[in-house]
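Working notes, structure below.
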């Protein structure tokens, strides 16, 4: 009897959860579906859900009209560059804090976190001015540096929480066996740290990809990434739902796929290890 | 055991990150403070000298200041209420045994990975457009007059869009917290015949309180500075001009840098008040 009740409850849970899940996911699903419609079908009344003539023409038009590949390339360079640069700078720092902690380690970590809380708009003009003076406005290099700096605290924190989980005894044992510092890092720590570093890279790539304050304010044409490419659709011109959908789908697809791999790291990374 | 040698190596390893962040914090902050005490109009005469606290007074006494504060509070408050309440319910639902849990989780989390400009534009056009939007179709289906969402119900619209983006974050963190709850305690309470609501108030909610606090603090910091969602939907019109947006307009659109910088200093102070509470919790966690 108990078993039967459980199954019934499980079925109810399943139906309810799937209904809610699909409702939340619906805007994304609808965007993807609309991207394969013609413009006329995209605004048909009543709306058409599945039985339309699937077409790829919107993707071709978007690419042709706005050179999607250039924006994509900018996004890849900016998000990838800032993440890699950030990790290179953060790994030694996080390593030092996790394995050679001092009295000040906690203060330094909290101070780093506090720089993340600085509202971007509060320093918008200084950064804008510095960018003009240094010739960095609308360059990928400038954005790589800025996005690296705004994500550096998160990178250090994530790496720190991962490194701290590496048991110290292993290091002691390696030292007992006469390993030098270099060997210790290369053969003992690195293999154990790789999963944590990979998760950190993944989450920060996503955050940099979606960043939409600095990328909108510091780019114009040459360095504009996908966030700016999509924003250029904010003033409509005639029928454009299907094209907007195609552009949107192309902008979010890579990150949706990466994002699904990073669910667990998301919690750790965005709560600075406070929830695990 | 940390030797003197390893300590100095450690300091050296931390140096690049510390120096960079220090520069990133101090240089722009000093400049913002500097500009905030000046009459500085780059397109109309440039640096027109020191004006003391004039910009600070003018920023708060301008007619757009209090509406901006109100808009900010309504958006942050509205989104927090919606995401926390729905997040708790959703986390409890997702914690139940069911088929295809992994897939449902993915569906629920997905909006978090959509870039802000995309979610704002998709909602604005394909859902909230008063003629061709899906919501307009839905309203007509039930015989109602479609709403011009972003002009007639502008705040509601922005809150809806931003809540959709942040609900996954709240849900995911609360779900992680619920999963660490000792299920034996719940089962014992269930055995003792404690009704669902009582179990929720006395066991689940206290257990979640820390996670809820963290969700509220982190979201507040991010929500105080939402920008793209307003930039591509209303452009600050129809009462949706938040403090962040007001400062952006002062600085880049009307190029009144002194005034905008004073606003920026206010924004920094506001964010720091929230940040202090968050840092306390995170700091405590470090000791544990």
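Quick notes
- Extension gain, residue B:252 to residue B:277: 0.36 nm times the residue separation minus the Cα-Cα distance gives 5.8 nm.
- With Cα atoms, 0 to 90° folded angle of helix A:241-261 axis to chain A main axis: 30
- Order of B:32, A:249 - criterion: other Cβ atoms within 10 Å of each residue's Cβ, fewest first: A:249, B:32
- Relative contact order for chain A: 31 percent, from Cα pairs under 8 Å spaced at least 6 residues apart, divided by residue count.
- Estimated 222 nm signal from helices in chain B, with DSSP H stretches of n ≥ 4 weighted -39500 (n - 2.57), rounded to 500: -22500 deg cm²/dmol
- Sequence ranges A:179-192, A:214-227, A:254-267, ranked by mean other-Cβ count within 10 angstrom, highest first: A:214-227, A:254-267, A:179-192
- In terms of surrounding Cβ atoms within a 10 Å radius of their Cβ, B:199, A:268 rank from fewest to most as B:199, A:268.
- Crossing angle, helix A:68-99 versus chain A [Cα axis fit, 0-90 degrees, rounded to tens]: 20
- Our compactness index for the protein assembly as shown, the C-alpha radius of gyration over the empirical 2.2 N^0.38 Å, is 1.03.
- With a Förster radius of 35 Å applied to the beta-carbon distance between residue B:153 and residue A:88, the computed FRET efficiency rounds to 0.15.
- Two-site label geometry, residue A:102 and residue B:9: point separation in nm, points 7 Å out along Cα→Cβ: 1.5
- Counts of other chain beta carbons within 10 angstrom of each beta carbon in peptide A:202-209 average 1.
- Candidates A:11, A:114, A:234: whichever shows maximal mean-square fluctuation once chain A is modelled as a Gaussian network with Cα springs under 10 Å: A:11
- Partner chain coverage, peptide A:105-116 - average Cβ within 10 angstrom: 5
- Think of it as helices only: each DSSP H run of n ≥ 4 in chain A is worth -39500 (n - 2.57), and spread over all residues that comes to -23000 deg cm²/dmol at 222 nm.
- C-alpha long axis of helix A:105-116 to longest principal axis of chain A, angle in °: 20
- If the Kirkwood radius is taken over C-alpha pairs of chain A, then at 4 °C and 1.567 mPa s the Stokes-Einstein diffusion coefficient equals 59 µm²/s.
- The alpha carbons of segment A:109-186 occupy a box of 55, 24, 14 Å along the principal axes, longest dimension given first.
- Other protein chain Cβ atoms within 10 Å, averaged over every residue that makes up A:127-140: 1
- Part-to-part distance (alpha-carbon centres) for segment A:208-276 and segment B:232-288, which is given in Å: 21
- Most fluctuating residue given options A:167, A:46, A:92, as computed from a GNM of chain A linking Cα atoms under 10 Å: A:46
- In this label model, residue B:89 and residue B:26 are separated by 5.1 nm, measuring between points 7 Å along each Cα→Cβ vector.
- Sorted by Cβ neighbour density within 10 Å, fewest at the top, the residues B:202, B:5: B:5, B:202
- Relative contact order of segment A:2-58, defined on C-alpha pairs under 8 angstrom at six or more residues apart (%): 28
- Here the Gaussian network model covers chain A, with springs between Cα atoms less than 10 Å apart; of A:197, A:108, A:78, A:108 fluctuates the most.
- Estimated distance in nm for a label pair at residue A:52 and residue B:47, the labels positioned 7 Å out from Cα along Cα-to-Cβ: 5.7
Each value in this text was obtained by applying a stated rule to the coordinates, not by laboratory testing. For clarity, every value in this text was computed on a predicted model and none was experimentally measured. For neighbour counting, all protein chains shown are included, and Cβ atoms are generated from backbone atoms with ideal geometry for every residue, glycine included.
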